[in-house]
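The values are calculated or read from the model by the stated rules, or taken from the named source; none is laboratory data. Quick caveat, the model's predicted, so the values are computed rather than measured. Glycine gets a Cβ as well: all are built from the backbone with ideal geometry, and neighbour counts include every protein chain shown. Quick note on the areas: whole protein, heavy atoms, side chains included, nothing else; ligands and nucleic acids left out. Shrake-Rupley method; radii C 1.70, N 1.55, O 1.52, S 1.80 Å.
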Amino acid sequence: MTGADAARGRLSDDLALVGGGDRAALARVYDRTSAKLFGVVLRVLHDREAAEDVLQEVYLKIWKRAASFDRDRASPITWMATIARNSAIDMRRSRERRQEEPDSLIQMTADDVAADEMIRDHDERMQLATCMGELEEHQRQFIRSAFFDGFTYAELAERATVPLGTMKSWIRRGLERLRRCLDGE
């Protein structure tokens, strides 16, 4: 057994204890993983203060969901990094929605983009959001990670603990489904 395997085993054991309500085990999990998970969140948000807030939420989710962790399906750090990344993406989406101003068409000046172009762009973004919502959760997550967060297919496959070919197939099928939806098929 390598040092990495032993560390993974200890982390899995601690997550099982966290699932049983052991606060000391949660503290150990936090000590071992907070730097890595903070990096995951910060990479998505690019805002240190927001990343710190999200990290707190991540450990609350880990506390609540630890009993569902299955060491045979994923490594503990992959499982927790997925929670962290998804939480950060949710925060980013929430912030982006709040930044959109519904009165933006009223505030246009002569130098702004023509109103019809602005409406068309908004409609296209809304259609993309609707079509993304129709994808399976894993397809949506991996497409976003690949195209918006800059992860390679190999990195995503490693994080999801699946073969590279599987990851490519998931993303390819998701993109094909997205294209059909956007084309109105």
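Quick notes on this structure:
- Inter-residue pairs, beta-carbon under 8 Å, first within 16 Å of Gly133 (Cα to Cα) and in region 159-178, second open to solvent by 60 Å² or more (accessible area, probe 1.4 Å) and among the charged types (D, E, K, R), 6+ apart: Gly174/Glu136; Arg177/Glu134
- Residue among Arg93, Arg43, Arg97, Arg85 that is open to solvent by less than 20 Å² (accessible area, probe 1.4 Å), of a type in the set (D, E, K, R) and closer than 21 Å to Gln141 by Cβ: Arg85
- Test: residue in region 1-17 that is open to solvent by 30 Å² or more (accessible area, probe 1.4 Å), under 25 Å from Pro163 (Cα atoms) and in a loop (DSSP other than H, G, I, E, B): yes
- Selection within region 62-82 - at pLDDT 85 or above, touching a Ser or Thr at 6+ places or on another chain (Cβ under 8 Å) and crowded, with 16+ Cβ neighbours inside 10 Å: Phe69, Ser75, Pro76, Ile77, Met80
- In a residue-by-residue description of region 19-41, the property of being in contact (Cβ under 8 Å) with a residue 60 or more places away in the chain and within 13 Å of Asp70 (Cα to Cα) applies to no position.
- When residues of region 18-40 are limited to those that are open to solvent by less than 70 Å² (accessible area, probe 1.4 Å) and aliphatic (A, V, I, L, M), the one modelled with the lowest pLDDT: Val40
- Taking region 145-185 as the range and being charged (D, E, K, R) and open to solvent by less than 40 Å² (accessible area, probe 1.4 Å) as the test, only Asp149 passes.
- Where a residue in region 65-83 is closer than 11 Å to Val18 by Cβ and in a helix (DSSP H, G or I) and its partner, wherever it lies, is open to solvent by less than 20 Å² (accessible area, probe 1.4 Å) and modelled with pLDDT under 90, with Cβ under 9 Å and at least six apart: Met80/Val40
- Meets criteria (over 21 Å from Gln141 (Cβ atoms) and touching a Leu at 6+ places or on another chain (Cβ under 6 Å)) for Ala25: yes
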